[in-house]
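Scroll down for the structure; my scribbles are underneath it.
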Amino acid sequence: MAEQMMQETAGKAIPAGYKQTEVGVIPEDWSFYRLGDLEPYITSGSRGWAKFYSKHGDVFVRITNMSRESIYLDLKDICYVMIDAASSEGKRTSLEEGDVLVSITADIGICSYIDSSLDKPAFINQHIALIRFNHAKINSKFIAYYLSSHQIQKLFKGSTDQGAKAGMNLDAVRMIKTALPTLQEQTAIANVLSDSDALIDALEQLIAKKQAIKSATMQQLLTGRTRLPAFALRPDGTPKGYKPSELGEIPEDWEVVSLGDASQFINGRAYALHEWESSGVPVIRLQNLTGRGDEYYYSNLQLPERQYCDFGDLLFMWSATFGPVIWKGSKAIYHYHIWKIECKSGNNKAFLFYLLGDMTERLKNSSSSGGTMLHVTKEKMESTKSIFPSIEEQTAIATILSDMDNELQALTQKLEKARALKQGMMQQLLTGKIRLPLAVGA
């Protein structure tokens, strides 16, 4: 891999003030090392700790707690162990603030940094290597970021044991290559990237909070448990109440209606292989709606107008993948496993979209499969009953939920930009292509 990196820069002019190394072109005042040259403490977790698993106790870090998106641990799904931290294995594998972790089996090369937020004692399993520096010139957070960079992730692939199962032994960990600026510059770079991670984490938490608020608001508004002020009172000013129905207590001015009476479900069309074209009208398949694929098939068949969908139409995925989608593309044909839903008079399409979204989990649980391949029939959907307010209240509810979605979309776009900015900063700062002002002359 080092030879490959040298070849990639062969024939390219090396800028003044830079030099070629096994980790690529770096500033002349940076040094090249293998981790073992820095004399760290390196070990891996113990095998056979399943017998120590517990519902409480000390945190037991697994690869599932590590992520390529961040050097900080994800502790939402925590495993605990009950073990004597003073035992030889406890001492050997216990974590300290400043430790660097690297996954060494299966999905190798995921790097994490242990900060003060992790309760101690904490331990690692056998699939993780622990790297601890006791060197005065090393900022271990910088090392964690450096090992997470795209350039070094390529090197990890060349350090694995050859075999059916990917793996990296501790000797290979010691041979991992790194470039080091001065401690001052290491710290400055680590702080900048850590600030980026803090922004990303704050945005993720805000999005999760807003999503939870939206879910709760949907539950309240779509069931009528909370009424919007404009629809909460009778003409005489008294609060509206509730009435019994086959679906339980519902607002007195709402009605129980089957989905088939509120809307029309139009079947998509199945295609034979010879009907696909390389150009023409795009045919929407499930993967085009879920984000799992952006490749379209095309058709030049002349179909009834109802077999086409336009921007803003309501579609529903009914097999394998489940749920409603508002189509945001141009005119297209929808495939067999998709229905187009047209609202009948007196109903609002956006309200129906949110209603179907709220019902999706119930529909999944009652679908014919009950397994990973979900399926619901058109007849079942049409006969499913729900409660509907007036079209005016439907429109008002849909507007509120749509505003929440727009806010979530804006936050998500901000998060994506923050992640992209961090990746760009890592690429520039960790290779020395951009030098921080603080580090000049260091």
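FYI, it's all coordinate maths here, none of it is from the lab. No experiment lies behind these values; they were computed from the predicted model shown. Neighbour counts run over all protein chains shown; Cβ positions are idealised from the backbone, glycine included.
Taking the Cα centre of the chain as the origin, how large is its charge dipole in debye, to the nearest 20, when only Lys and Arg (+1) and Asp and Glu (-1) carry charge on their Cβ atoms?
Details: 48 positive and 51 negative charges, 96 e Å.
Here the size comes out at about 460 debye.
Could you sort 76-86, 196-206 so that the peptide with the highest average Cβ count within 10 Å comes first and the rest follow in order? Each step should come with its number before you reach the end.
On the way: 76-86: 13.6, 196-206: 15.3.
Most protected by this proxy first, the peptides run 196-206, 76-86.
Would you mind computing, in nm to one decimal, how far apart the modelled labels at residue 92 and residue 287 are, each placed 7 Å from Cα along Cα→Cβ?
That separation, rounded to one decimal, is 4.6 nm.
Among 390, 278, 103, which one shows the highest mean-square fluctuation when the chain is modelled as a Gaussian network with alpha-carbon springs under 10 Å?
278
Under 5 Å between amide H atoms, partner at least 5 residues away or on a different chain: which partners does residue 375 have, H built in plane at 1.01 Å?
320, 368, 369, 370
Compute the separation of the alpha-carbon centres of segment 171-194 and segment 76-96 and state it in Å as a whole number.
Distance between centres, Cα-based: 27 Å.
Using a Förster radius of 30 Å, what is the FRET efficiency between residue 32 and residue 68 based on their Cβ-Cβ separation? Nearest 0.05, please. Show your work: numbers first, answer last.
Numbers: r = 24 Å, r/R0 = 0.81.
So the FRET efficiency works out to roughly 0.80.
What is the Cα centroid distance between segment 299-349 and segment 99-138, reported in whole angstrom?
Taking the Cα centre of each part, segment 299-349 and segment 99-138 sit 49 Å apart.
Report, by chain and number, residues whose modeled amide H sits under 5 Å from the one on residue 122, excluding near sequence neighbours (fewer than 5 apart, same chain).
95
Distance cut-off 18 Å, Cα to Cα: go down the list 154/177; 76/209; 55/209 and report the pairs above it. Show your work: numbers first, answer last.
Numbers: 154/177 11 Å; 76/209 15 Å; 55/209 27 Å.
Flagged as over cut-off: 55/209.
If you fit an axis through the alpha-carbon atoms of helix 349-365 and take the longest principal axis of the Cα set of the chain, what angle between them do you get, 0 to 90°, nearest 10?
70 degrees
Going Cα to Cα from residue 331, which lysines come in below 22 Å? Please leave out same-chain ones fewer than 8 positions away.
340, 344, 349
Considering only DSSP beta bridges whose two residues both sit in segment 257-381, what percent are antiparallel, to the nearest 5? The partial results should precede the final answer.
Values: 23 of 26 bridges.
DSSP beta bridges in segment 257-381 are roughly 90 percent antiparallel.
Can you give me the angle between helix 391-429 and the longest principal axis of the chain, using Cα atoms only, in degrees from 0 to 90, rounded to the nearest 10?
For 391-429 against the chain, the angle is about 10 degrees.
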